[in-house]
Amino acid sequence: MGLKIDPWSFPDPELAATEQGRRSIVLGGGCFWCTEAVYSQLDGVLSVRPGYAGDSKDTADYRTVSTGRTNHAEVIEVVYDAGKIGLGQILKLFFSIAHDPTQKDRQGADVGRQYRSAIFTADGEQKRVAEAYIAQIDKAGLFDDPVATEVVPLEAFYEAEEYHHDYAARNPNQPYIRAVSTPKVEKLKKVHGDLLKAGAKDAAH
């Protein structure tokens, strides 16, 4: 990731959301095993589900999406308590920890439309906050390259097959998880230990 500043200095969004209660947002940041692993650690996050968004129900399965010939992205649905963790923090971690938002239709060695950076918004407020934050990040020149993240309305979220759920937690020694997912989680624990769930905090020490 071509981040020009240290992750401790990554700014909060200047445009804050006014949401309350139980909320959700769908995020695409490469392989959903890795983004799920990051958001599952956070206090205030009620659930994280891997899935697909961007195309039709009849193509929303792993084998078909993995061909790269659909418009689906691998995504996670993050359900959160806005009283504990707001949209601003969710997005801040998305851009600074969970993935590289400057890569188009890929994340590292994972190449294809299904690995694109995307925010699937539930309403107009999420759209305004996300677009304003991207403009803020680009204006500040925080990355070597412009943010490539797409911001689009969520039409439907299709839950992924059961074996993808909690994949990183259940397969910590899998080579891909050790190489790609684990470093993201360790970075989260190091930079944002104050945002972790109690169990995750204990594991971080």
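Structural remarks
- Residues satisfying the stated conditions in region 138-170, i.e. under 20 Å from Asp58 (Cα atoms), in contact (Cβ under 8 Å) with a residue 24 or more places away in the chain and not aliphatic (A, V, I, L, M): Pro153, Glu155, Phe157, Tyr158, Glu159, Glu161, His164
- Residues satisfying the stated conditions in region 73-102, i.e. farther than 16 Å from Val38 by Cβ and free of Cβ contacts under 8 Å to residues at least 60 places away in the same chain: Ala73, Lys84
- Any hit, region 167-184, residues being under 16 Å from Gly88 (Cα atoms) and at pLDDT 95 or above: no
- Residue check for Val38: surrounded by 20 or more Cβ atoms within 10 Å (Cβ to Cβ), among the β-branched types (Val, Ile, Thr), touching a residue at least 60 places away in the same chain (Cβ under 8 Å) and assigned to a helix (DSSP H, G or I): yes
- Test for Thr59: is it touching a residue at least 40 places away in the same chain (Cβ under 8 Å) and polar (S, T, N, Q): no
- For region 119-153, the candidate set comprises residues that are part of a loop (DSSP other than H, G, I, E, B) and β-branched (Val, Ile, Thr); within that set, the residue that is farthest from Ile25 (Cα to Cα) is Val147.
- The lone exception for Leu3 - which of (1) of a type outside the set (Lys, Arg); (2) modelled with pLDDT under 95; (3) loosely packed, with under 14 Cβ neighbours inside 10 Å it fails: (3)
- Evaluation of Thr102 against (1) crowded, with 18+ Cβ neighbours inside 10 Å; (2) closer than 19 Å to Pro11 by Cα; (3) out of contact with any Pro (no Cβ under 7 Å at 6 or more places or on another chain) (one fails), failing number: (3)
- Selection within region 41-59 - part of a strand (DSSP E or B) and buried (at least 16 other Cβ atoms within 10 Å of the Cβ): Leu42, Val45, Val48, Arg49, Pro50, Gly51, Tyr52, Ala53
The values are calculated or read from the model by the stated rules, or taken from the named source; none is laboratory data. Please read all numbers here as calculations on a predicted model, not as lab measurements. No Cβ is skipped: glycine too gets one built from the backbone with ideal geometry, and neighbour counts run over all protein chains shown.
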